[in-house]
Amino acid sequence: MSLKLFTFKQRRKMMNQEDMLVYILGGLLLVVLLFKSIILVEERTYFVIQRLGKFQKMAGPGLGFIIPFIDSKAGVINMRVQQLDVEVETKTRDDVFVHLTVSVQFQVMNEKLWDAYYSLDNARHQISSYIFDDVRAEVPKMELDDVFAKKDDIAVAVRQNLAESMDKYGYNIVKALITDIDPDARVKDSMNKINAAKRDKEATLEEAEAAKIRVVKAAEADAESKRLSGEGIAQQRLEIVRGFKESVEDFQKSLKSITHEEVMQFVLLTQYFDTLNNIGANGKNSSILIPHSPSAMADFQQQIVNGTLVGAKLKDASEDKSNTASTETF
């Protein structure tokens, strides 16, 4: 009897342990199911939810619920502005091969989430194909210099063509940029040489123009210097003549019996000695004084007097001739 009681207790204990295990397994399964049914979607992101392989819904940002093992997350749609860099090699109209880097910024449209996910198998790869086609259609129309000068026109054309093609697939083309233009290395060397030659030519022209200005300014300065020097000499001679006149008048007032010739001799002799004094006072003077006699001043005076008399006679003859002609006319 006691043996049967022991066996019964043992079986009951084993049954309790099995029930406990079932409860534990059930609780774990419930936790797993609950965990599988919750989804957390980040901001600017959508989850594509499929039920048994068929599209069910687009789960927006925040907390969401799905049916575990029936619903599944098929994919993620990024709503941020994305950038795709594509390197394209093409030829210009003047047969120069260039490498262009085209950066396209695109974004999924809110109202076309289904098209953006299900229409294209590999959106970035297919956008790249459109970029290749558009660039290779635009660049061959231009020469190399125009490619550099009109790169914005190329970018606008790429954006417009790409926007028209990708709109039906749910993608908005925000911006297209030509970020790099790299021609063949030999062409770049030639362009650098041409640029250097142009700059050398401009530098030569500027140097020649500067030299011309220096010569002109030097000539103008020399002319101005000579003009001022001439004015100074003329003023000096005028003052000398005025001084002679005053000296003669003073002599005549002081000594009324003295003649003009004697006054002139005295003035010339005074100037002669003043000149000798100036030559001797200047230690740096390189003039050579030839031996002579002060009596030569008389000959110099006589020459001045003779020249004055001849000038006076010519003036009188000219006046007589003019008066005679006027009388005959009358």
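Here, each number is a calculation from the coordinates, and none is a lab measurement. Owing to the predicted nature of the structure, the values given are computational and were not obtained by experimental measurement. Counting neighbours? That spans all protein chains shown, and the Cβs are built from the backbone with ideal geometry, glycine included.
Looking across segment 76-86, the residues that are surrounded by 14 or more Cβ atoms within 10 Å (Cβ to Cβ) and over 18 Å from residue 114 (Cβ atoms) come down to 82, 84, 86.
Can you pull out the residues in segment 64-75 that are under 30 Å from residue 131 (Cβ atoms) and surrounded by 13 or more Cβ atoms within 10 Å (Cβ to Cβ)?
Initial filter on segment 64-75 (under 30 Å from residue 131 (Cβ atoms)): 74-75.
The answer is 74, and nothing else.
Any chance you could count how many residues in segment 143-158 are surrounded by fewer than 19 Cβ atoms within 10 Å (Cβ to Cβ) and either closer than 27 Å to residue 119 by Cβ or of a type in the set (A, V, I, L, M, F, W, C) (or both)? Total meeting the criteria: 4.
Kindly evaluate residue 94 against the criterion of being within 30 Å of residue 184 (Cβ to Cβ) and in a loop (DSSP other than H, G, I, E, B).
Numbers: within 30 Å of residue 184 (Cβ to Cβ): yes; in a loop (DSSP other than H, G, I, E, B): yes.
Taking the combined requirement at face value, the residue satisfies it.
Just one of the listed residues (177, 162) is under 24 Å from the mean Cα position of the chain (by Cα) and aliphatic (A, V, I, L, M), and it is 177.
Taking the criterion of being in a helix (DSSP H, G or I), in contact (Cβ under 8 Å) with a residue 12 or more places away in the chain and among the β-branched types (Val, Ile, Thr), the residues of segment 155-207 that qualify are 156, 158, 187. Checked against the criterion of being out of contact with any Lys or Arg (no Cβ under 9 Å at 6 or more places or on another chain), basic (Lys, Arg) and not in a strand (DSSP E or B), segment 123-137 has at least one qualifying residue. Of the residues making up segment 164-204, those that are more than 21 Å from residue 152 (Cβ to Cβ), of a type in the set (A, V, I, L, M, F, W, C) and surrounded by 10 or more Cβ atoms within 10 Å (Cβ to Cβ) number 5. Filter segment 35-62 for residues that are more than 24 Å from residue 111 (Cβ to Cβ), out of contact with any Phe, Trp or Tyr (no Cβ under 8 Å at 6 or more places or on another chain) and in a strand (DSSP E or B) and give the result. 40 - this is the single residue of segment 35-62 that is more than 24 Å from residue 111 (Cβ to Cβ), out of contact with any Phe, Trp or Tyr (no Cβ under 8 Å at 6 or more places or on another chain) and in a strand (DSSP E or B). Looking only at segment 71-82, decide whether some residue is outside any strand (DSSP E or B) and more than 44 Å from the chain's Cα centre (by Cα). Scanning segment 71-82, I find no residue that is outside any strand (DSSP E or B) and more than 44 Å from the chain's Cα centre (by Cα), so the answer is no. Of the listed requirements (1) within 27 Å of residue 93 (Cα to Cα); (2) in contact (Cβ under 8 Å) with a residue 12 or more places away in the chain, residue 145 misses just one: (2).
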